[in-house]
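Notes follow once the structure below has been shown.
The values are calculated or read from the model by the stated rules, or taken from the named source; none is laboratory data. Source: prediction; values computed, not measured. Heads up, the Cβs are rebuilt from the backbone with ideal geometry, glycines too, and the neighbour counts pull from every protein chain shown. Ligands, DNA and RNA are excluded from the accessible area calculation, which covers all protein heavy atoms including side chains. Shrake-Rupley method; radii C 1.70, N 1.55, O 1.52, S 1.80 Å.
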Amino acid sequence: MLTRTPAQSLTDQLAGRFVERIRSRLLAPGARLPSVRECARQQGVSPHTVVAAYDQLVAQGLVEARRQRGFFVRDAAADMASNRPHARASPSLHAPEKIATAGHRPAYAAPSHATALIRGMFHHPSDRPQPGSGVLPLEWLDLPALPAAVRRVTASAAWAREARSYGEPMGDAGLRAVLAHRLRGLQIPVTEAQILTTVGATHALDIVSRTLLKAGDPVMVEEPGWSVEFARLDALGMRVLPVPRRADGPDLAVMARYCEAHAPRLFVSVSVFHNPTGYCLAPGSAHRLLQLAQRHDFHIVEDDTYSHLAAPHAVRLAALDGLERTLYVGGFAKILAPNWRVGFLAAPGALVERLLDTKLLATLTTPSLLEKALALCIDQGQLRRHAERVRQRLDAARTRSVKLALAAGCTFAAEPAGMFGWVDTGVDTDRLAQRMLDEGTLLAPGALFHASRQPSTLMRINFASTQDAAFWKRFEQLRDAMR
């Protein structure tokens, strides 16, 4: 809470709090600030103090007052674009382009608020567990074999020579070999010659987009979905076509209408433990999706980021498709070492050289030291045993978290599974997130997972970091106060 000090007035403290959140994108462009009366009540100050703080934000160009509507965060980038002479109209994050569809609501390009989720990944409001976090707790990811593997690699005579070169353009051959073996265990027919290593899974998705698409191309993406993907595609100038994600898979009727109206080139999908719902693709839906892709000649990018948390027999498009029309993306940030940024891409043989050219233009190669160390951990079974322990721990955490959420009066919009829960709170989670952030707790409101930001009562929770009854008790208090 705000406190009176000789060094800084309550007005300056309140304005400073909003400035920090706006500049870190925790309050995204277009977001509405609490009303003067509501903010005064939340912060325990007078309405005069709030008005003075909001006036400071307006004077700094961070906020705009809209008559009879309230105060909203300004989109500085959009303002610059609109004031630029002879600006060329194009689909962008800041001027959403309507995409007409037959029998479906208009879709919009992803707004710049989507990067709020990325920035939130690096924002640590307190030392307490963060319900909106996208990673597992640090203590869960501890694997002593990792630093031991790094020491082993650097002690070798071969490394002394390799460290003075760029390494292999495709990525470390040893890592690609063990990855190919692991994918074959998932029934995905692949050789190491079809695998490129990348700087994390996001880099792999970016390589695919830059190789197969050009500015203006329509791309189908599941909604709700990972807001980073909406924003990334839109920043490249693509037209984002949101596809509703259901329990058994994407809405194929909507996809068929998109195909007839726009002939999209690509579909981006998470088959296993979809983020944020936790849904897994059903076999029947998978087969019909592949038939649609064949009929309308588009590729599918299957993002299997959560594969280490799932059973090997989970339905994967790359396995059913034989890696012909599907490109498979994976990584290790969710299970092992987010900061290592090791990811990979498995692709049809005919596309490998084009994908490699794109990788070379962006990063030349990838860090072979970490790739070699990771290959050792996989080859010796350490990663497999570590993943088994994490899955057991996550299963127990999910059980506890679900009980607490239900006891707090929440409902689940999707059957709880995997790492994340898709929870209906009954109140506007954008407003709730700001209230919780005041107290050092980071939430992931539902609006972040849609192509166009709209008020939502949903939020994504991390089962591993929502086992604290104190969090749910405070959640109930703030939610009930909002009602």
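So if we plug the beta-carbon distance of H48 and A235 into 1/(1 + (r/R0)^6) with R0 = 56 Å, what FRET efficiency do we get, rounded to 0.05?
E(calc), rounded to 0.05, equals 0.85.
Name the long-range amide H neighbours of E222: under 5 Å, sequence gap of 5 or more, or other chain; modelled H, no Pro or chain starts.
Here V243, V268 satisfy the definition.
Under 16 Å from a point 7 Å along the Cα-to-Cβ line of R4: which residues of the stretch 39-60 have their amide N that close?
Hits in the stretch 39-60 for R4 at 16 Å: 44-50.
Apply the a/c threshold of 1.5 to the C-alpha gyration tensor of the chain and tell me whether it is rounded, prolate or oblate.
Prolate is the answer for the chain, as a/c is 1.5 or above and a/b outweighs b/c.
Rounded if a/c is under 1.5, else prolate if a/b beats b/c, else oblate: with a ≥ b ≥ c from the C-alpha gyration tensor eigenvalues square-rooted, which is the stretch 406-483?
It comes out rounded by the Cα gyration axes.
May I ask for the distance between the Cα centers of the stretch 253-269 and the stretch 399-422, given as a whole number of Å?
For the stretch 253-269 versus the stretch 399-422, the Cα centre distance is 32 Å.
Taking R0 as 41 Å, what's the FRET efficiency between H181 and A247 from their Cβ-Cβ distance, rounded to 0.05?
Result of the calculation: an efficiency of 0.80.
What fraction of the DSSP beta bridges in the chain is antiparallel, stated in percent and rounded to the nearest 5?
60 percent
Once phi is turned into ³J(HN,Hα) by the Karplus curve 6.51 cos²θ - 1.76 cosθ + 1.60 with θ = phi - 60°, what whole-Hz value does each residue of the stretch 227-243 show in order, with x for glycine and proline?
Once rounded to whole Hz, the list reads 4, 4, 5, 4, 5, 5, 5, 5, 5, 7, x, 7, 9, 7, 10, x, 10.
Which value, in Å² rounded to 10, gives the accessible area of E222 with a 1.4 Å probe and all protein chains present?
10 Å²
How far is helix 469-482 tilted off the main Cα axis of the chain, in degrees rounded to 10, range 0 to 90?
50 degrees
What length, rounded to one decimal in nm, is gained on full extension from A148 through to Q392, with 0.36 nm per residue of separation minus their alpha-carbon distance?
So the extension gain works out to 85.4 nm.
Answer rounded, prolate or oblate for the stretch 223-282, using the Cα gyration tensor with square roots of eigenvalues a ≥ b ≥ c: rounded when a/c is under 1.5, else prolate when a/b is larger than b/c, else oblate.
Taking the square roots of the gyration eigenvalues as a ≥ b ≥ c, the stretch 223-282 is oblate.
Please report, in debye to the nearest 20, how large the charge dipole of the chain is about its Cα centre when each Lys and Arg carries +1 at its beta carbon and each Asp and Glu carries -1 there.
I would put it at about 600 debye.
Accessible area of the chain with a 1.4 Å probe: how many percent of it is carbon plus sulfur?
The value for the chain is 54 percent carbon and sulfur by accessible area.
Excluding ligands, DNA and RNA, what is the solvent-accessible area per residue of the chain at a probe of 1.4 Å, expressed in Å²?
Dividing the accessible area of the chain by its residue count gives 44 Å².
Roughly how many Å is it from the Cα centre of the stretch 433-483 to that of the stretch 323-351, as a whole number?
31 Å
Does anyone have the angle between helix 252-262 and the longest principal axis of the chain? Alpha-carbon axes, 0 to 90°, nearest 10?
That helix lies at roughly 90 degrees to the long axis.
Helix 283-296 versus the longest principal axis of the chain: what angle, 0 to 90°, nearest 10, using Cα atoms?
80 degrees
Between the stretch 288-321 and the stretch 372-397, what is the separation of their alpha carbon centroids in Å?
Between the Cα centre of the stretch 288-321 and that of the stretch 372-397, the gap is 23 Å.
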